[in-house]
């Protein structure tokens, strides 16, 4: 969505991704992509202030394990779900740069979320809609996979969870290497 929608950052709620298993290596069919995105969503493009993006991520921190948890692109964040509301999203970076609360960012997401779905009311109330229908997420994914060819998905470290203070646990650092474009699914 980030690439196809020409956005600084993008997010999809976990409830929109309708698959509970891993996609096996090999060809990825249109049918399988349709299973991933079962709902007829469209991509929306908004302009968000950095402080609104921070509030959005703070809400997402409390949604871990639920359909409202956000899967991100163009954003890195460390979540402290044990912290008080308003202090759960930390170390936020957009496009590799530290989040500026007063800057405007272009944000792509599903129309369901843009209308305030899953409790993300700040998108509907504080986001300035640039384009209500910026495309079909299924077709964007298919196009991206075709352009890239074979892919090997890896955990990129966009989302980290911080341990509670005094727990003695050490949060793992984000991975140092970027995603590989080696072997993996290709749409046929």
Any chance you could check the Cα centroid distance between the range 125-145 and the range 38-60 for me, in angstrom?
11
Specify, per residue and in Å³, the volume enclosed by the convex hull of the alpha carbon atoms belonging to the range 110-150.
88
Calculate how many DSSP beta bridges within the chain are antiparallel, expressed in % of all such bridges and rounded to the nearest 5.
70
Per-selection Kirkwood Rh - the chain (Cα, Å, 1 d.p.):
17.3
For labels at residue 85 and residue 19 in the simple 7 Å Cα→Cβ model, what's the distance in nm?
3.5
Projected onto their principal axes, the Cα atoms of the range 1-103 stretch, largest extent first, over whole-Å spans of 42, 31, 25
Please work out the FRET efficiency for the pair residue 51 and residue 155, using the Cβ-Cβ distance as r and a Förster radius of 35 Å; give the result to the nearest 0.05.
0.80
Rounded to the nearest 500, the 222 nm mean residue ellipticity computed for the chain from DSSP H runs (n ≥ 4, each -39500 (n - 2.57)) alone is -6000 deg cm²/dmol
At q = 0.15, 0.21, 0.25 Å⁻¹, what base-10 log of I(q)/I(0) does the Debye formula yield for the range 82-176 when every alpha carbon is treated as an equal point scatterer in vacuo?
-0.97, -1.31, -1.31
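Every read-out reported here was derived from the displayed coordinates using simple, explicitly stated rules and does not represent laboratory data. Only a predicted model underlies this, so the values are computations on that prediction, with no experimental measurement involved. Cβ sites come from the backbone with ideal geometry, for glycine too, and all protein chains shown count toward neighbours.
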